[in-house]
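If you scroll down you'll find the structure; I have some questions about it.
The values are calculated or read from the model by the stated rules, or taken from the named source; none is laboratory data. Note that the structure is predicted; figures quoted are calculated from it, not measured. Neighbour counts are summed over all protein chains in view; Cβ atoms, including those assigned to glycine, are modelled from backbone coordinates with ideal geometry.
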Amino acid sequence: MTEPTSETAQNGHDVAGPYALGALTERQRAAFDAHLEVSRASVDEVLAVLPVARRLAYTAPPRTVPTNLRDRTLQAATGTAPSPAAPTPAAARAPKIPAVRPPAGSAARGGRRWPLLVALLVAAAAAAGLGMFAQQQASYARALQENLDEANRRATMAELDVAAARREAVAAGRRAAVLTAPDTQEIVLGNQPNAPDARARVFWSAAEGVVFTASGMPPLAPGQSYHLWLVPDASPVSGGELPLDEAGRIAAVVTLPEGVTEPVPMAVTAEPSGGVQTPTGTVYLLGRPAA
């Protein structure tokens, strides 16, 4: 049989039958496969022959073919023994039928459902992917917000610490200026029976201001604080609250009330926090400038 090359494959009906029956050699079948890719008429011819070829398989009872039948036949025809050839799987000898696109409008109902099903599956997968992506983005946004809140909190605390340090530095500078001023006078305040370990001094400078220092002050009940009173005459005037630390110490720059310009007698009492207009609590310290 002539191999169906690009020239001889033009008569596709001559090869369609052997092709459908699986009677072509490997090279012949490969050449005809290439021909079927470009010839719709040959494809139709093979499709028409295939039902007949399939029915032929059931017209005779099945028999087992001797394994050496081909070799004996070729030897009888040619007089020489054929060279051994690698066995060809039965599946490889089956005719290859290329996919044929059905005419427009002839698709089956099930075929029309497959694209819709695939589209639904793709949409479901996309929705699941978008949902997971949105959840990841939301978690990422929450983590960023938490980190931002924590950073803002730390920044606020740092600003408060810096502000407190600046205030303390300013107060320390003012206390140092008072203590080193050439006109500073020292006034010792004596402790009272309710503060046996207390020691207090006031440093008074007309040029730099007034500084109050104390140690050994007893702790006060919640809601109370120590208060300084200046007594230029019979009526005490407030010198402000005195901050007490946990060690019982006080170091404060005193803001003198209006009209007090010279050292005067002083007292320290325990008063409600927030300030009062006149002394009402227990006296802890008393002192007056040296004569």
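Of all residues in the range 245-291, count the ones that are surrounded by 11 or more Cβ atoms within 10 Å (Cβ to Cβ) and of a type in the set (D, E, K, R).
3
Let me ask another. Scan the range 193-220 for residues that are free of Cβ contacts under 8 Å to residues at least 40 places away in the same chain and among the aliphatic types (A, V, I, L, M) and jot them down.
Ala207
What is the residue count in the range 19-39 for residues that are surrounded by fewer than 21 Cβ atoms within 10 Å (Cβ to Cβ) and modelled with pLDDT under 80?
Residues meeting the conditions: 4.
Condition check ((1) assigned to a loop (DSSP other than H, G, I, E, B); (2) farther than 30 Å from Glu262 by Cα; (3) modelled with pLDDT of 95 or more) across all residues:
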| position | (1), (2), (3) |
| --- | --- |
| Tyr140 | no, yes, no |
| Leu144 | no, yes, no |
| Asp149 | no, yes, no |
| Ala163 | no, yes, no |
| Arg175 | no, no, no |
| Leu179 | no, no, no |
| Pro193 | yes, no, no |
| Pro218 | yes, no, yes |
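In the range 198-212, which residues are crowded, with 20+ Cβ neighbours inside 10 Å and over 15 Å from Val264 (Cβ atoms)?
Ala198, Ala200, Glu208, Val211
Now, a different point. Could you please give the count of residues in the range 173-192 that are exposed (fewer than 15 other Cβ atoms within 10 Å of the Cβ), touching a Phe, Trp or Tyr at 6+ places or on another chain (Cβ under 8 Å) and touching a residue at least 24 places away in the same chain (Cβ under 8 Å)?
Count: 1.
Something else now. I'd like to check something: does the range 227-239 contain any residue that is among the hydroxyl-bearing types (Ser, Thr, Tyr), without any contact (Cβ under 8 Å) to a residue 40 or more places away in the chain, assigned to a strand (DSSP E or B) and over 21 Å from Asp183 (Cα atoms)?
yes
I've got another one for you. Scan the range 152-159 and give yes if some residue there is modelled with pLDDT of 85 or more, more than 17 Å from Ala252 (Cβ to Cβ) and surrounded by fewer than 10 Cβ atoms within 10 Å (Cβ to Cβ), otherwise no.
no
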